[in-house]
Amino acid sequence: MRKIANLLTLSFLPFCTLFGQTAALHISIANSKGAICNLYIPGQPQHSFINLKINNGQAAYALNLTKPQFVQLNCFNSADWLHKHFNYLLYLSPGDKLELKADLNQQGYALEISGKGSNNNQPMMSAMEQIDLYSFNKDTVPGRVITAIKFAQKIRQASLSKYISRYKPSPAYINDWETSLLYYANDLYYNFKENNKYQVGDAYNRNYKQWQKITDSLFEATKLNNDAALPAFHYNAFLNIFLLYEKERFSDEALSHPEAFYHEWYQTDTIEGKKLFNADRKNLVQEKIINRYFTGKTAEHLYAVLLAGAAGDINPTNIPEIFWRFKEKYPNSKYIGQFRKSVDTIIVNQKHTLNGSMVFMAGNGTKFNSLDEVLEAMKGKTVLVDMWGTWCGPCREEIEKNSAALRARFKGKGLTYLYIANLDLDNQQQWKNLIAYFDIEGTHLLANKNLTDDIMEKVKSNSYPTLFIIKKDGTFELAKTTYPIDRNVLIKQLENDLAL
């Protein structure tokens, strides 16, 4: 099952024009106790994940469409998701009225679909079992996994031929499914390769040419920039992972070939290029990738993916400038209206400045090397410590959500706030920019590696953000809530510590 980060619970907002038609879906699930269903809408940068409300085994959803759209339905039993789950790849068209039935206790889930548009949505293709690539994890050479993927691709192409003969689907269905299957191997192999290389480590580097040769052959057989393929499910998925992994490749190239990398991508020397890269390792990097490899509707779509990702990741860096360039290139884009409000908010927040309530430790705190030194500096105080980093999306999310609320809740009650930025020594200007942007009032310390390692070891944590509390007696304890932070749990813990 594809891993999806940052799954949001969202109420549906129409994203097409008001002149579209509704595609209606009604779902009936037998043995639905503990059932959870959600929809994933590929090609829709904002509001692409919808959690469905299930009442007595029934759920309904309506989507405003101007053209056919792949929509993936995921249902599972929350108590036994590993053994009781199914995916159903719907192909919805304007005017469809579909009834989907399933039984979570039956083998194969007894899937049935009827109603207008059912000829485009029968289980033969829509419920085809996903290929399991987990057995190939940690393979050091690509032979087995690419063989399995190519075999699965052929099976699906053969099934599509049978489906067309049996169910007589629409021409748009045939075209979009055929295009999607052309990109099936690109999507699965590239995603697997880029994840697996971290599991096999040096073995991947030794066999890099074998892995890359297959990537190159797949890319040569299909068009990387293909406006006509945007409706296709696997092309859309492939675009998203391409943007993600090319961004990660920047970091690898900056380390392994810095001079060539900064000359090629930043047209400058290593010293100046490193400053530019460290100032924005995500948003501006993604824009560079888009402009290097894509044009037309595909580039327009990926700009929207970039803007939506920055909004979801609470990452404002360079977004107003990127949005301005996007508008210049695509002045009539439907995405401009979707992102204008969030960009305007960023512009307002970027006018914030540092104030007297934002206190920086002497030398930015870079000379602190151990938790004991921090405890000594905070002696006699109750302190909420936030281990964060400018590069950390969940850290920014929690600061935006909780920092002002906690200050208001504990105003005048003797609570001190210490924000320790980690892995940011080369990013000091961005560190101060974000402190002002998020109005992070409190004491700020920029950690060197010794301090980061010592604190994380002693508080027994390995992820960010990490919160812990220093008590007045100099002892400390880890927060009883981790990301996503339960503010009520944290407030109760702080109140108890303040009362001691």
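Below are the figures for this structure:
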read-out	value
Flag for Ala304 being under 21 Å from Gly393 (Cα atoms), modelled with pLDDT under 95 and either in a helix (DSSP H, G or I) or open to solvent by less than 30 Å² (accessible area, probe 1.4 Å) (or both)	no
Unmet criterion (only one of (1) surrounded by fewer than 18 Cβ atoms within 10 Å (Cβ to Cβ); (2) within 24 Å of Asn433 (Cβ to Cβ)) for Asp216	(2)
Unmet criterion (only one of (1) closer than 26 Å to Tyr437 by Cα; (2) more than 19 Å from the chain's Cα centre (by Cα); (3) not aliphatic (A, V, I, L, M)) for Lys379	(1)
Qualifying residue in segment 282-301 (condition: closer than 25 Å to Gln429 by Cβ, touching a Ser or Thr at 6+ places or on another chain (Cβ under 8 Å) and not basic (Lys, Arg))	yes
Those residues of segment 95-114 which are touching a Lys or Arg at 6+ places or on another chain (Cβ under 7 Å) and more than 22 Å from Lys162 (Cβ to Cβ), in sequence order	Gly95, Asp96, Lys97, Leu104
Segment 109-131, residues that are in a helix (DSSP H, G or I), among the aliphatic types (A, V, I, L, M) and within 30 Å of the chain's Cα centre (by Cα)	Met125
Residue ID - least open to solvent (accessible area, probe 1.4 Å), chosen from residues in segment 226-240 that are over 10 Å from His301 (Cβ atoms) and over 22 Å from the mean Cα position of the chain (by Cα)	Ala229
Single residue of segment 144-184 satisfying the filter (small (Gly, Ala, Ser) and touching a residue at least 24 places away in the same chain (Cβ under 8 Å)) that is surrounded by the most Cβ atoms within 10 Å (Cβ to Cβ)	Ser180
Strands (runs of 3 or more DSSP E) within segment 63-104 that include 3 or more residues basic (Lys, Arg), at pLDDT 90 or above and within 20 Å of Met125 (Cβ to Cβ)	none
Tabulated pairs, segment 353-375, first over 14 Å from Ile440 (Cα atoms), second open to solvent by 60 Å² or more (accessible area, probe 1.4 Å) and of a type in the set (Val, Ile, Thr), C-beta under 9 angstrom, 6+ apart or interchain	Leu375/Thr475
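The values are calculated or read from the model by the stated rules, or taken from the named source; none is laboratory data. These numbers were taken from a predicted model, which means no experiment stands behind them. Reconstructed Cβ throughout: ideal geometry from the backbone, glycine too, with neighbour counts over all protein chains shown. Protein only, heavy atoms only, side chains kept; ligands, DNA and RNA dropped before computing areas. Shrake-Rupley method; radii C 1.70, N 1.55, O 1.52, S 1.80 Å.
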